[in-house]
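Visitor: Have a look at this one before I ask anything.
The values are calculated or read from the model by the stated rules, or taken from the named source; none is laboratory data. Remember, predicted model here, so these are calculated numbers, not experimental data. A quick note on method: Cβ atoms are made from the backbone with ideal geometry, for glycine too, and the neighbour counts reach across all protein chains shown. Note: areas computed on protein heavy atoms with side chains; ligands, DNA, RNA excluded. Shrake-Rupley method; radii C 1.70, N 1.55, O 1.52, S 1.80 Å.
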Amino acid sequence: MQKKIILTGDRPTGPLHLGHFVGSLQNRVKLQNSGNYEQNILIADMQALTDHFDQPEKISENIYEVTMDYLAVGIDPKLSTICLQSELTALPELTMYFLNLLTLNQVERNPTVKEEIKQKDFANKIPVGFLVYPVSQAADITAFGADLVPVGADQVPMIEDTNYLVRKFNATYKTEVLKECEALVPENFSRLVGLDGKAKMSKSLGNAIYLKDDADTLFKKVKQMYTDPNHLKVEDPGQVEGNVVFTYLDAFDDNKEEVAKLKEHYQRGGLGDMKLKKYLFEVMDNKFKGIRERRQELSQDRGYIKSVISEGTAKARDLSNDFMKKIKAAMGLSFS
Ligand code: TRP
């Protein structure tokens, strides 16, 4: 039986943090190791440039960072294809054809982009490339012939847009060359909250713990975590809900019994924040030490990281170019 194709990816605008780890990296390693899928992981540098076009050196540095994060968490380049978007010319090519199939109104209606435009404070200087990045993302997915796209629930509209383009393309050019894809939404998916407890973990909010953070940095960040502002004295009863330390214990401590005991003790009173944070630090340090050490080793060998990218990209290039030929043939454009 033919294996199902997965396409997933990240914008290389910074190293990956624990939000990525919980929300997608862990899942990718699982999907990879199941042996049931052909997994492609796209480092979406062209997409990153849509809102960082004036900082190409930042993107190029973070291509290394993100690749090191992938390898450190257990993405195996022999089992998953790690590839670089800007080296795959079939993707912008397909994007150009897709752009004709949408009206400006439709593009402006995308809820994810709308929200991002608000956050980024572009005012009336929205780069056209940014506005249409979901179209380029649809091209990423379809040019790989992806069956499945692992995403969080909030990204489902992106997949619906992709499938709209697939249907529109097939109907316009009377073909079945493109196929629809399915969002693979992990069960009980939840975004990891940031250190401040206010919003999801993200680089731009400065509330993130990175996979590359060393033990000292990790300890500092754990100490900063938002707890219960009314828990002033050790003997006071404390609140567990909304307390970031407990959120992280739920996420990272495999010893659920101990977590239950700590919660009970905290609520009763008599468990100090510092003691609790030291416990969380130990749990997280144990969990991420191996990843951090592997990453540290990898960072000594930039040549190897580069070869992982170029080998994966070569494979993805063949695949997407072959498919692009078929797409153009379906449009009556086969002259090469
Ligand atoms: N939009 C994704 C992000 O913000 C990156 C990405 C680009 C992607 N192309 C994709 C994700 C295709 C899944 C499928 O990081």
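Visitor: Among the listed pairs 212/275; 174/328; 221/287, which have their C-alpha atoms separated by more than 23 angstrom in this model?
Guide: 212/275
Visitor: Pick out, in residue order, every one of the trypsin sites (Lys or Arg not before Pro) in region 41-143 that is DSSP loop and has at most 13 other C-beta atoms within 10 Å; say none if there are none.
Guide: 78, 125
Visitor: Cα atoms only, the chain: Rg and Dmax in Å?
Guide: Expressed in Å, the Cα Rg and Dmax of the chain come to 22.1, 79.
Visitor: At a 1.4 Å probe radius, carbon and sulfur cover how many percent of the accessible area of region 24-129?
Guide: 53 percent
Visitor: I would also like to ask the following. Looking only at 13, 172, 50, which one moves most when the chain is put into a Gaussian network model with springs between Cα atoms under 10 Å?
Guide: Among 13, 172, 50, the largest GNM mean-square fluctuation belongs to 172.
Visitor: So how many Å³ per residue does the convex hull of the Cα atoms of region 215-297 work out to?
Guide: 80 Å³
Visitor: Now for a different question. Which of 143, 110, 55 sits farthest toward the positive end of the charge dipole of the chain, with +1 on the Cβ of Lys and Arg and -1 on the Cβ of Asp and Glu?
Guide: 143
Visitor: Rounded to the nearest 20 Debye, what is the dipole magnitude of the chain about its Cα centre when Lys and Arg each give +1 and Asp and Glu each give -1 at the C-beta?
Guide: That gives the chain a dipole magnitude of about 300 debye.
Visitor: Local charge sum around residue 201 (other residues, Cβ-Cβ under 12 Å, Lys/Arg +1, Asp/Glu -1)?
Guide: Local charge sum for residue 201: +4.
Visitor: Let me ask something additional. Ignoring ligands, DNA and RNA, what accessible area per residue does the chain give at 1.4 Å, in Å²?
Guide: 51 Å²
Visitor: Let me ask you something else. Identify all aspartates and glutamates with a Cα-Cα distance to residue 168 below 16 Å; exclude those on the same chain that are fewer than 8 residues away in sequence.
Guide: Output for residue 168: 160, 176, 180.
Visitor: Let me ask something else. Across region 1-89, how many lysine pairs separated by 8 or more positions, or lying on different chains, have Cα atoms within less than 21 Å?
Guide: Qualifying lysine pairs in region 1-89: 5.
Visitor: Would you kindly find the accessible area of residue 217, with a 1.4 Å probe and non-protein molecules such as ligands, DNA and RNA excluded, rounding to the nearest 10 Å²?
Guide: My reading of the accessible area for residue 217 is about 40 Å².
Visitor: Name the aspartates and glutamates eligible as straight-distance cross-link partners of residue 233: C-alpha to C-alpha under 14 Å, and not fewer than 8 places from it in the same chain.
Guide: 273
Visitor: Could you work out the helix-only [θ] at 222 nm for the chain, with each DSSP H run of four or more residues adding -39,500 (n - 2.57) and the total divided by the number of residues, to the nearest 500 deg cm²/dmol?
Guide: After summing the helix terms and dividing by residue count, I get -16500 deg cm²/dmol.
Visitor: Once phi is turned into ³J(HN,Hα) by the Karplus curve 6.51 cos²θ - 1.76 cosθ + 1.60 with θ = phi - 60°, what whole-Hz value does each residue of region 215-232 show in order, with x for glycine and proline?
Guide: Per-residue couplings from phi come out as 4, 4, 5, 4, 5, 4, 5, 5, 4, 7, 4, 5, 10, 10, x, 8, 8, 8 Hz.
Visitor: When the dipole is taken about the Cα centre of region 215-297, and only Lys, Arg (+1) and Asp, Glu (-1) are charged at their Cβ, what size is it in debye, to the nearest 20?
Guide: So the dipole magnitude of region 215-297 works out to roughly 300 debye.
Visitor: Given H placed 1.01 Å from N in the peptide plane, which residues other than close sequence neighbours of residue 183 have an amide H under 5 Å from its amide H?
Guide: Result for residue 183 returns 149.
Visitor: Below 8 Å between Cα atoms, with a sequence gap of 6+, how large is the relative contact order for the chain in percent?
Guide: Value for the chain: 22 percent.
Visitor: Can you give me the % of accessible surface on region 215-297 that is carbon or sulfur? Probe 1.4 Å, all protein chains present, nothing else counted.
Guide: Percent of accessible area from carbon and sulfur atoms in region 215-297: 49.
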